[in-house]
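Structure first, commentary second.
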Amino acid sequence: MSTTIRFHLDEHVSNVIATGLRRRGVDVTTSAEAGLLGGDDTEQLAFAASQGRVLLTHDEDFLALAAQGAEHAGICYCHQGQRSIRQIIEMLHLLHECCTAEEMRDRVEHL
């Protein structure tokens with residue numbers, strides 16, 4: 001059975017992205033909402049995985065965790081400043097429309 005992708009934004013990702021995704025009907029949490037401000041990367045990844053949420057980050061450390069075999073519900077990485085907020089929202093919305101949560105499990109997407 002397919003499930004819809006849900007996202008979690010780490011603390012360095014703009015809340016404007018969460019707002020834009022929510023306006024498009026996408027389920028999103030942020031680190032602030034989850035009480036994870038100041039939490040380390042493994043805590044962020046563990047929270048997202050426990051909730052079945054794809055993590056959006058600008059932090060390359062998450063790529064290293066994934067390469068080391070950390071289980072996750074998916075990681076979307078975008079190098080800081082490489083894309084506009086609008087581009088990020090559009091790319092994540094497209095991913096939300098085209099992929100299932102199962103397809104994203106342990107997958108890393110570079111935006």
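The values are calculated or read from the model by the stated rules, or taken from the named source; none is laboratory data. In this text the structure is predicted, and so the values were computed from the model without any measurement. Virtual Cβ from ideal backbone geometry, glycine too; neighbours counted across all protein chains shown.
The residues of segment 1-20 that are part of a loop (DSSP other than H, G, I, E, B) and in contact with a Gly (Cβ under 8 Å, 6 or more places away or on another chain), listed by number, are Thr3, Ile5, Glu11.
Filtering segment 21-33 to residues that are part of a loop (DSSP other than H, G, I, E, B) and out of contact with any helix residue (DSSP H, G or I) (no Cβ under 6 Å at 6 or more places or on another chain) leaves Gly25, Asp27, Ser31, Ala32, Glu33.
The set of residues from segment 70-110 being of a type in the set (Ser, Thr, Tyr) and either out of contact with any His (no Cβ under 8 Å at 6 or more places or on another chain) or within 13 Å of Arg53 (Cβ to Cβ) (or both) comprises Ser84, Thr100.
Suppose we filter Ala49, Ala18, Ala34 for residues that are over 11 Å from the mean Cα position of the chain (by Cα), surrounded by 17 or more Cβ atoms within 10 Å (Cβ to Cβ) and free of Cβ contacts under 8 Å to residues at least 40 places away in the same chain; which single one remains? The match here is Ala34. For segment 72-111, the set of residues classified as modelled with pLDDT of 95 or more, exposed (fewer than 14 other Cβ atoms within 10 Å of the Cβ) and under 14 Å from His12 (Cβ atoms) consists of Ile85 only. Residues in segment 52-66 that are surrounded by fewer than 16 Cβ atoms within 10 Å (Cβ to Cβ) and out of contact with any Asp or Glu (no Cβ under 8 Å at 6 or more places or on another chain): Glu60, Leu63, Ala64. Scan segment 6-15 and give yes if some residue there is farther than 20 Å from His79 by Cβ, of a type in the set (D, E, K, R) and modelled with pLDDT of 95 or more, otherwise no. For segment 6-15, residues farther than 20 Å from His79 by Cβ, of a type in the set (D, E, K, R) and modelled with pLDDT of 95 or more: present.
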